[in-house]
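Working notes, structure below.
None of the figures in this text is laboratory data; all of them are computed from the coordinates on show. Just so it is clear, the model here is predicted, and its values are computed rather than measured. All Cβ positions, glycine included, derive from the backbone under ideal geometry; neighbour counts span all protein chains shown.
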Amino acid sequence: MSRLTSLPAGLKADPKGLGPFNFRDFGAWVLLTNDWGRWLMLDKPDFERFLSGRVPESDPLHAELASRGFLSGRLDFPDLAASYLKQTGFRHIPGPSLHMMVVTLRCNQKCQYCHSSVVDPSRTDTDMDLETAKKTVDFIFSTPNPSICIEFQGGEPLLNWPVVKFVVKYARAKAKAANRRLILALVNNFTLMTDDKLAFLEENAVSICTSLDGPADLHNKNRPFLGGGEAQPKVVSWLSKIMDRAKADPSKRHYLPSALMTTTRFSLPRGREIVDLYASLGMDQIFLRPLSPIGYAKRVWHEIGYDAADFVRFYEDTLDYILELNATGKGTIMERNALILLTKIVKGEDPGFMDLRWPAGAVLGCLAYNYDGRIFVSDEGRMVDHQGDPLFQVGVVGRDSWHEVLDHPTARACAAASNLETQPMCGQCAYKPWCGAEPVFHYEMQRSVAGQMPTSPWCFTHMGIFDALMKRLRDPQARRIFDAWLVRDQCKWQENDIIPSDDAVEAAS
Amino acid sequence: MSPKKKSRPAASRKPAAKKKAAPSSGLVFTLDLKKSGLEPALGAAYLMMDRAWVALEGDKVKTLIVALAPKPGVKAADLRADFEAELASQRLRWAVAKANRGVREFVAENAVALAQQKPAAPAAEAAPEQLTDEQRSEIERLIAEVESEIKDMNAKKAVADPKGVSPSWEAQQETQKGGAKE
């Protein structure tokens, strides 16, 4: 079967009068979409009438098609332009918003799938030094986006805590001096967290994110502790502690921790258990993330990896369980992939998610800074370098200017390769308004930054998630739950008003 | 020289001479590009790549020779029908795209114009000189503090490892293996 789906056999189509559209056949019904993010689900007979120009003006369907830009003679240009801008506004914002600082490559865990290409805790030579940290912050503030999010990554960033503290203070001072909006986030495994560190992070409004793959045996198998011992109880303990603090003190509500879950082969049969754990901890969301064959995961793919179809089945089953919990009042947990895509599809807005946008986030939306000051198009690009291929390096802090980074041949190649208009299959896909292509992933998987979409696991996975959501959007009960999620959703983190201002941070500290 | 070879025009003889032999399980057919159009034919061939290995030859004006070899798990007998279905969809998709190219460009231009009406981003780059004296001295104090902390941290590492994180993964594994053997 065609990945894009085909026309019904023998259908006589008349393109005259049809506006620009892509379609996807779901059997009894067909999804229509257009560049401007407008969409419509048509029963098959209506789709056939639409294609053959047999929808009379007196038919309510005619008005429906016209209002969404599917009839070429009835286009409301200002409305469609506004809609297009609303969902692709990121293309008009200069410079990256997300800056990932790898303050050390050292880590005290040896995760099966580690994307981050970590090294042993004894390798202090992979710590970012103070001078590089300062130059990195200076470079970040030389980029033109009015909003800046600095995300501390590693390795385990708490192993280079003094530099984390310095960057927090220095970046806050620079943001205040330049009247720039600053968001700070720390990705850590909680095993080295202390009360003092937590107090500092709270006082300085640094949001905290961790990894939680599920029940102890699963988490510990995926993410073994160096030297033995169980990592999962520490994660659960700190998550619970921070959640309790937030509940007890409304001023700390802003810093509710989030957790990321990575799906390995061992996770596939355990979706319900994983969701139950997240729900029991009071987590607002769970992010069912597929494993990427990048970094160490590529080497052990035969042990922990799976086919894209396996992930899509896991996703659908687990999403249905989450919807069941919501429908029966047993839980209110939301799924993050769904939130990101529904924000695009239903609200027509951009949720600021770098992996699903075009051109890709690489350089235009995000940058990653290695401990040694080298700049990469993304954290995944940095990991490819760690495996010995520096293709995705686009500069060095203190040496190259923002304009040199932006104009780097690799930056331009990533932008061109991820333009879905020029991708032969993506340009015709019904999900084009909301999807994206990832140059680093495709370089790793298919040795091409453009990729080959008919055989791309990236495409298969995301198409599967889109399909799952579209099918459920037709179910009134699921739609009600999705709508309620969107009201609660906080996934617009970049422009989220609940993130405190710098003044509020100052007042709190 | 056989009559068949003698009657073949030069334009089609050249690609035929270069043509790679199709696998025994595959199929080869010729498309009339005046009927199908080049873009739809190329599009259909591209979409077949999840099911077949595809090789294309021809003059790209009049004819396209399509060779399809099924990938594992795909029946060769299904490939021709699959290709025809892809081609029919491609014809419509390309016809709609071409007919609406001007409209799409016009809306995109309007969106860009709309974006440019919005207030420009604030000037970037807060140079260190823009920091207040108070902020500069605070940062200098912070740098001194962090340097001291790093020095202390490194000194402590040399003598103590309270969290047990310094031994390498490999060393730990060796220790565990050794223990198990005993």
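Within the set of other residues whose C-beta is less than 13 Å from the C-beta of residue A:41, count the net charge using Lys and Arg as +1 and Asp and Glu as -1.
Details: positive: A:24, A:38, A:44, A:68, A:471, A:472, A:474, A:479; negative: A:25, A:43, A:46, A:64, A:467, A:475.
Overall, the nearby charge balance is +2.
Could you size up the charge dipole of chain A around its Cα centre, putting +1 on the beta carbon of Lys and Arg and -1 on that of Asp and Glu, and report it in debye to the nearest 20? Intermediate results must be reported in sequence, preceding the final value.
Details: 58 positive and 62 negative charges, 56 e Å.
Using only the charged Cβ atoms, the result is roughly 260 debye.
Per the Debye formula on identical point scatterers at the alpha carbon atoms of region A:405-496, with no solvent, log10 I(q)/I(0) at q = 0.14, 0.16, 0.25 Å⁻¹ is -0.68, -0.81, -1.18.
With the simple model of a label 7 Å out from the Cα in the direction of the Cβ, residue A:217 to residue A:64 spans 5.0 nm.
Dipole of chain A computed with +1 at Lys/Arg Cβ and -1 at Asp/Glu Cβ about the Cα centre; of A:146, A:368, A:185, farthest Cα towards the positive end is A:146. Here's the picture: a label point sits 7 Å out from the Cα of residue A:479 along the beta-carbon direction, and within region A:321-349 the residues with their amide nitrogen under 13 Å of it are A:346. Label-to-label distance for residue A:407 and residue A:209 is 3.2 nm, based on points extended 7 Å past Cα in the beta-carbon direction.
Computed 3J(HN,Hα) for region A:376-387, one whole-Hz value per residue from the Karplus formula 6.51 cos²θ - 1.76 cosθ + 1.60 where θ = phi - 60°, is 10, 5, 6, 5, 5, x, 5, 5, 5, 4, 4, 7, glycine and proline marked x. Evaluated on region B:26-91, the Kirkwood hydrodynamic radius is 11.6 Å, with distances taken between all distinct Cα atoms. Label-to-label distance, residue A:248 versus residue A:300, with points set 7 angstrom from Cα along the beta-carbon direction: 3.7 nm. Counting only Cα atoms, the size of the protein assembly as shown along its three principal axes is 91, 65, 55 Å, in decreasing order. Counting every C-alpha pair in region A:1-139, the share spaced more than 18 angstrom apart comes to 69%. Were the residues from residue A:349 through residue A:421 laid out at 0.36 nm apart, the gain over their Cα-Cα distance would be 24.0 nm. Taken one residue at a time, the phi angles of region B:92-101 give Karplus couplings (6.51, -1.76, 1.60, θ = phi - 60°) of 5, 4, 6, 5, 5, 4, 5, 5, 10, 4 Hz. Gly and Pro are set to x. FRET efficiency for the residue B:76 to residue A:332 pair, using the beta carbon distance and R₀ = 51 Å, is estimated at 0.50. Say the cut-off is 18 Å between C-alpha atoms; which of A:86/A:347; A:12/A:44; A:135/A:197 go over it? Violating the 18 Å Cα-Cα cut-off are A:135/A:197.
The C-alpha atoms of chain A define a longest principal axis, and helix A:308-327 lies at about 90 degrees to it. Once the chain from residue A:16 to residue A:124 is taken as fully extended at 0.36 nm per residue, the excess over their C-alpha distance is 32.2 nm.
DSSP beta bridges in the protein assembly as shown, what fraction antiparallel, as a percent rounded to 5? Show your work: numbers first, answer last.
Values: 29 of 57 bridges.
Once the DSSP bridges in the protein assembly as shown are tallied, antiparallel ones form about 50 percent.
The coefficient of translational diffusion for region A:183-338, derived via Stokes-Einstein from the alpha carbon Kirkwood radius under 37 °C and 0.692 mPa s, stands at 199 µm²/s. Show log10 I(q)/I(0) for region B:80-121 at q = 0.31, 0.32 Å⁻¹, two decimals, from a solvent-free Debye sum over equal Cα scatterers. At q = 0.31, 0.32 Å⁻¹ the computed log10 ratios are -0.94, -0.96.
Fewest first, what order do A:6, A:456 take by the number of other Cβ atoms within 10 Å? Please report the intermediate quantities before stating the final value.
Values: A:6 21, A:456 24.
Starting with the residue having the fewest Cβ neighbours, the order is A:6, A:456.
The helix-only estimate of mean residue ellipticity at 222 nm for chain A, built from DSSP H runs of length n ≥ 4 each weighted as -39500 (n - 2.57), is -12000 deg cm²/dmol after division by the residue total. Using the Cβ-Cβ distance between residue B:152 and residue A:372 with R0 set to 22 Å, the FRET efficiency from 1/(1 + (r/R0)^6) comes to roughly 0.40. For region A:264-308 versus region A:23-49, the inter-centroid distance based on Cα atoms is 33 Å.
Just the number, please: percent antiparallel of the DSSP beta bridges in region A:260-395, rounded to the nearest 5.
Numbers: 4 of 9 bridges.
Taking every DSSP beta bridge with both residues in region A:260-395, the antiparallel ones total about 45 percent.
Ordered by the number of other Cβ atoms lying within 10 Å of each residue's own Cβ, fewest first, B:134, A:316 fall into the sequence B:134, A:316. Residue order for A:403, A:99, fewest other beta carbons within 10 angstrom first, comes to A:403, A:99.
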